[in-house]
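The values are calculated or read from the model by the stated rules, or taken from the named source; none is laboratory data. The model shown is predicted, which means the values in this text are computed figures rather than measured ones. Don't worry about glycine lacking a Cβ; one is built from the backbone with ideal geometry, like all the others, and counts go over all protein chains shown.
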Amino acid sequence: MATMATGHGRSSRALLAAVTVMSTSLCAAVIAVGAVLVAVGLTADQPVASLVADLARSLAGPLDGWLTVRTDAGVPDAERMALVNWGLAALGYLVVGRAVQRLLGD
């Protein structure tokens, strides 16, 4: 009976690990797509692109605007800042998802 409980626990941990990796990967993908949409300037006139960019901005959280990227004239460049900061946020989601997967033993 003890081996069945251990086997069942392992499968639920594996399922939790898979769900965690899928959800963090989805968050990273939304952030990456949002950064590209902002960088190419599609968010102003496209409601779907604006929605994705807003969602990406909220998922990026504290990393949104963390590093300031400036143009040659010294003016902050919003498009490059979105690519850099949101790229770091997407990478963070992927790293955390993978770390949780490893901690759960999958």
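A search for C-beta distances below 6 Å between a residue of region 93-106 that is under 29 Å from Arg57 (Cβ atoms) and any residue that is basic (Lys, Arg) and assigned to a helix (DSSP H, G or I), counting only pairs 6+ apart in sequence or on different chains, returns nothing. Taken over region 22-35, the residue count meeting the criterion of being crowded, with 18+ Cβ neighbours inside 10 Å and aliphatic (A, V, I, L, M) is 5. Of the numbered criteria (1) surrounded by 15 or more Cβ atoms within 10 Å (Cβ to Cβ); (2) modelled with pLDDT of 90 or more; (3) among the charged types (D, E, K, R), the one Arg80 fails is (2).
Selection of first residues in region 27-56 that are without any contact (Cβ under 8 Å) to a residue 12 or more places away in the chain and of second residues that are part of a helix (DSSP H, G or I) and of a type outside the set (S, T, N, Q), restricted to Cβ pairs under 7 Å at least 6 apart or on distinct chains, gives the following pairs, ordered by first then second residue: Leu42/Ala49; Thr43/Leu37; Thr43/Ala49; Thr43/Ala53.
Can Thr43 be described as touching a Ser or Thr at 6+ places or on another chain (Cβ under 6 Å) and either modelled with pLDDT under 90 or in a helix (DSSP H, G or I) (or both)? Criteria met by Thr43.
Looking for whichever is of a type in the set (S, T, N, Q) and exposed (fewer than 13 other Cβ atoms within 10 Å of the Cβ) here; the options are Ser50, Ser58. Which one fits? Break it down stepwise before answering.
Numbers: Ser50 fails: exposed (fewer than 13 other Cβ atoms within 10 Å of the Cβ).
Going through Ser50, Ser58 in turn, the sole match is Ser58.
Out of (1) among the aromatic types (Phe, Trp, Tyr); (2) more than 30 Å from Ser12 (Cα to Cα); (3) modelled with pLDDT of 90 or more, what's the single condition that is false for Tyr93? Of (1) among the aromatic types (Phe, Trp, Tyr); (2) more than 30 Å from Ser12 (Cα to Cα); (3) modelled with pLDDT of 90 or more, only one is false for Tyr93: (2).
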